[in-house]
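Notes for the one structure printed next.
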């Protein structure tokens with residue numbers, strides 16, 4: 001089996017050494033850089049399976065690095081944020097990070113997040129070789145094989161995780177999907193306490209999709225349960 005190659009972008013040399021020891025023992029090949037600009041260049045020009053990116057970097061901060069990466073690469077990115085700084089997590093996810101982990105963290109948790117992203121990537125590759133049926137709800141069409149979403153014939157710029165969340169909701173349109181189920185199916189991991197990543201992705205999807213043709217909401221939150229992608233009314237579908 002080919003070893004996964006991971007780039008760690010963090011100016012904390014001790015943490016990078018710890019992650020090198022721990023992740024190497026888990027079968028990953030680790031390369032670390034301590035400068036944001038160099039990290040962005042390496043992530044876009046070399047073949048990595050995943051990037052671990054710290055928000056607090058000198059000079060070019062983690063958000064700026066993520067913008068540069070997303071402008072030239074779809075490599076999965078896990079962001080490391082300061083504990084309690086929820087705004088950092090929200091901004092990171094909105095900019096295209098696949099997941100986040102607040103510092104300090106248990107290396108086991110990082111491995112779990114990486115494995116979850118790997119499972120999701122494997123599922124995506126499987127869909128590309130044996131694509132599932134195209135989903136259509138109202139004016140929205142989702143093509144699992146192409147990983148594309150069209151609204152009124154125009155393709156929407158969704159992140160990989162946003163696509164996965166929307167796919168789960170459209171597959172079960174008209175039914176409430178719990179946050180736990182969304183986290184399991186779309187993110188490939190269990191929902192942790194105080195984890196708001198699903199809610200951030202839903203918020204971003206609402207903004208990108210906009211309201212339905214009749215002005216009603218497409219994605220409805222069900223308090224204490226989860227979310228539902230509403231099927232259009234008969235009048236709207238005509």
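The values are calculated or read from the model by the stated rules, or taken from the named source; none is laboratory data. Please read all numbers here as calculations on a predicted model, not as lab measurements. Positions of Cβ are backbone-derived with ideal geometry, glycine not excepted, and every protein chain shown enters the neighbour counts.
Yes or no, residue by residue, for (1) within 20 Å of residue 201 (Cβ to Cβ); (2) surrounded by fewer than 19 Cβ atoms within 10 Å (Cβ to Cβ); (3) modelled with pLDDT of 95 or more:
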residue	(1), (2), (3)
27	no, yes, no
55	yes, no, no
86	yes, yes, no
106	no, yes, no
128	no, yes, no
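Do you know which residues across the stretch 195-222 are without any contact (Cβ under 8 Å) to a residue 40 or more places away in the chain, over 29 Å from residue 101 (Cα atoms) and in contact with a helix residue (DSSP H, G or I) (Cβ under 9 Å, 6 or more places away or on another chain)?
Those that are without any contact (Cβ under 8 Å) to a residue 40 or more places away in the chain, over 29 Å from residue 101 (Cα atoms) and in contact with a helix residue (DSSP H, G or I) (Cβ under 9 Å, 6 or more places away or on another chain): 214, 216, 217.
Results for (1) in a strand (DSSP E or B); (2) more than 21 Å from the chain's Cα centre (by Cα), shown as yes or no for each residue.
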site	(1), (2)
15	no, yes
18	no, yes
32	yes, yes
37	no, yes
48	no, no
52	yes, no
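I need a count of the residues in the stretch 63-80 that are part of a strand (DSSP E or B) and more than 17 Å from residue 8 (Cβ to Cβ).
Residues flagged as part of a strand (DSSP E or B) and more than 17 Å from residue 8 (Cβ to Cβ) within the stretch 63-80 amount to 0.
Looking only at the stretch 169-183, filter to residues that are in a helix (DSSP H, G or I) and in contact with a strand residue (DSSP E or B) (Cβ under 6 Å, 6 or more places away or on another chain); which one of those is surrounded by the most Cβ atoms within 10 Å (Cβ to Cβ)? I'd like the intermediate steps shown before the answer.
Step one: of the stretch 169-183, the residues in a helix (DSSP H, G or I) are 169-171, 179-183.
From what is left, the residues that are in contact with a strand residue (DSSP E or B) (Cβ under 6 Å, 6 or more places away or on another chain) are 169-170, 179.
Working: 169: 27, 170: 18, 179: 20.
Top of the filtered list is 169.
Residues being touching a residue at least 40 places away in the same chain (Cβ under 8 Å) and either loosely packed, with under 15 Cβ neighbours inside 10 Å or in a helix (DSSP H, G or I) (or both): count how many of those fall in the stretch 88-104.
Final tally of qualifying residues: 4.
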